[in-house]
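Heads up: the structure comes next, in structure tokens.
Where a number appears in this text, it was derived from the coordinates with a stated rule and is not lab data. Here the structure is a predicted model, which is why all the values come from computation and not from measurement. Because the Cβ atoms are built from the backbone with ideal geometry, glycine has one as well, and the counts that use them run over all protein chains shown.
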Amino acid sequence: MTELVEHGQLFIGGELVDPHGKDVIEVISPHTGEPFARVPHAAPADVDRAVATARKAFDEGPWPRMTLDERIEVITRIKDAFAVRHEEIARVISSQNGTPYTSSVMVQALAAMMVWDSALTVAKNFTYEEARDGALGKILVRREPVGVVAAVVPWNVPQFTAAAKLAPALLAGCPVILKTSPETPLDAYILAEIATEAGLPPGVLSIISADREVSEYLVGHPDIDKVSFTGSVGAGKRVMEVAARNLTRVTLELGGKSAAVILPDADAASAVAGIVPFAWMINGQACVAQTRILVPHTRHDEFAEAFAAAASALKVGDPLDPETELGPLVAERQQRRSLDYIRIGQEEGAKILTGGGRPAGLDQGWYVEPTLFGGVDNSMRVAREEIFGPVICLIPYGDESEAVRIANDSEYGLSGSVWTADTERGIDIARRVRTGTYSVNTFSLDMLGPFGGYKNSGLGREFGPEGYGEYFEHKMIHLPAGYEGAGA
């Protein structure tokens, strides 16, 4: 029997401290279904301590009062540490959420490092103060740190989403309480070590793991100035409701049901090769995954055969095996959810082209075969609801206008792509689809541009100057007539 990994303390204000309560979180291996680690479950009293420490750090501590260059030095050391420890980070995350290790190196670790690096670039080029000609005279517009931030992150890309919140918040001068998912608390201890070794001052960062009840207590805490949340639509709506009691500012990065539109002139081999990795990415547990594939009626069977062949060829197995391309889902509830949707899709009349059950020979763990439905109508539940598992829908369309209509016929609007021999035509499609990010003949997420969703996919933006700006308040200073001093 494998020895349990145990952490007995919480990281509060830059140091490891004993928790107030005795509750623990057991971390379950998605590969075996057995516990392999244990960490403390934060109590409301732990939240109070973390928030009080952050409040003092913001109101009295050095971090918000340092120069930008001084903060940049610390954040650069954090970024560099991710490069050094990326294999360790990838392995720890894969053991918790089932991401295949070979993709975890990039998606879970190096991508997080890129977020830290991109935030540094944005911070260096951001306008913090500017003089303007107002209607009544000269004005000075300042951007000042918003205050104490609660960052709540999910289990699918824990360090990527943590970096998306921590990097801009810290560079802006804001202390942060990071609330990790109970499924993936272990990699946060590596982050705590990195932050300490980088010289982040006391009080600036706390990391806790807890269930929804304690998370609500954090989000609703009166001394929190800003909440940044990534998760499901239902949870996001609840975060917004709880934060509204204190008029706490929120950024919400929520779900998706993104469409990859294949135009009639697209090369089949290129489109399939380009879409498959991002349809089944993180075992289908990605908000930006291309889960609806729109194909012309006239080429449906051709693409059905090609996508089914590609999906059935994916090697399913132990996420720590370097040859694995699709691992287990994070928890039994996610496995059950995917299998339920597969049943629903069949009942609705969709046809399984490949997959549809538990993989042969994998009787333990939370595995589901990569599954492709063909002949799907966009009104079906499998086409409308976020499954968050390895279940993809192939949806036929008539002309280009219908393809755009189907792509937009969703409560979500997070991501998407178009595949065509005519790039200009693809850009035109991109302009017509109501979604926060879009790719033409590729799939990408550029951390120097704004990321976020339309409709139920979220509120606010992450990355780029737009995302950095979410961690600032705007102040207008009226200057006296005739004043020509510095900045005016």
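So how do 34-42, 256-264, 61-69 stack up, highest first, on mean other-Cβ count within 10 Å? Don't skip to the end; give the middle numbers.
Working: 34-42: 19.9, 256-264: 25.9, 61-69: 14.1.
Going from most to least packed, we get 256-264, 34-42, 61-69.
Most exposed first by the Cβ proxy, i.e. fewest other Cβ within 10 Å, how do VAL92, VAL24 rank?
Ordered from fewest to most neighbouring Cβ atoms within 10 Å, VAL92, VAL24 come out as VAL24, VAL92.
Kindly provide the helix-only [θ] at 222 nm of the chain, computed as the sum of -39,500 (n - 2.57) over DSSP H runs of four or more divided by all residues, to the nearest 500 deg cm²/dmol? Please list the in-between numbers first.
On the way: 16 runs with 181 residues, N = 488.
Calculated mean residue ellipticity at 222 nm is -11500 deg cm²/dmol.
Between SER379 and LEU448, how high is the FRET efficiency from 1/(1 + (r/R0)^6) when r is the Cβ-Cβ distance and R₀ = 45 Å? Nearest 0.05.
Details: r = 38 Å, r/R0 = 0.84.
FRET efficiency, SER379 to LEU448: 0.75.
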Options GLY255, ALA273, MET240, ranked by Cα towards positive dipole end of region 234-277, top entry (Cβ charges) = MET240
What ranking do 125-136, 390-401 get when scored by the average of other Cβ atoms within 10 Å per residue, highest first?
-> 390-401, 125-136
What lysines could a cross-link reach from LYS315, if we take a straight Cα to Cα line under 29 Å and drop same-chain neighbours fewer than 8 places away?
-> LYS257, LYS351
Placing each pseudo-label 7 Å from Cα in the direction of the beta carbon, LYS315 and ARG212 end up separated by a distance in nanometres of 3.8 nm
Mind putting a number on the dipole of the chain about its Cα centre? Charges go on the C-beta only, +1 for Lys and Arg and -1 for Asp and Glu, and I need it in Debye to the nearest 20.
-> 1060 debye
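In percent, how large is the relative contact order of the chain, given Cα pairs closer than 8 Å and 6 or more residues apart?
On the way: 1135 pairs, mean separation 91.1, N = 488.
Once normalised by length, the contact order is 19 percent.
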Among the GluC sites (Glu not before Pro) in region 272-346, which ones are in a DSSP loop with at most 12 other Cβ atoms within 10 Å of the Cβ? Mind listing them?
-> GLU323
Provide PHE307, PHE278 in ascending order of the number of other Cβ atoms located within 10 Å of each residue's Cβ, fewest first.
-> PHE278, PHE307
Distance in nm between label sites at GLU73 and GLU411, each 7 Å beyond Cα in the beta-carbon direction?
-> 5.0 nm
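Count the DSSP beta bridges whose two residues both fall in region 259-440, then state the antiparallel fraction as a percent rounded to the nearest 5. Let's see the in-between values first.
Details: 3 of 21 bridges.
Rounded to the nearest five, the antiparallel share is 15 percent.
Sorted from fewest to most neighbouring beta carbons within 10 Å, what does the list THR180, THR298, THR32, THR437 look like? Intermediate results must be reported in sequence, preceding the final value.
Values: THR180 28, THR298 10, THR32 14, THR437 24.
Lowest count first: THR298, THR32, THR437, THR180.
On a full-extension model of 0.36 nm per residue, what is the gain between ASP301 and GLN346, subtracting their alpha-carbon distance, rounded to one decimal in nm?
On the way: separation 45, 0.36 × 45 = 16.20 nm, distance 1.83 nm.
Here the answer is 14.4 nm.
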Which value, in debye to the nearest 20, describes the size of the charge dipole of region 259-440 about its Cα centre when Lys and Arg Cβ atoms bear +1, Asp and Glu Cβ atoms bear -1, and nothing else is charged?
-> 440 debye
Output the pairs from LYS179/LYS237; LYS124/LYS226; LYS22/LYS237; LYS79/LYS475 with a Cα-Cα distance over 21 Å in this structure; if there are none, say none.
-> LYS124/LYS226; LYS22/LYS237; LYS79/LYS475
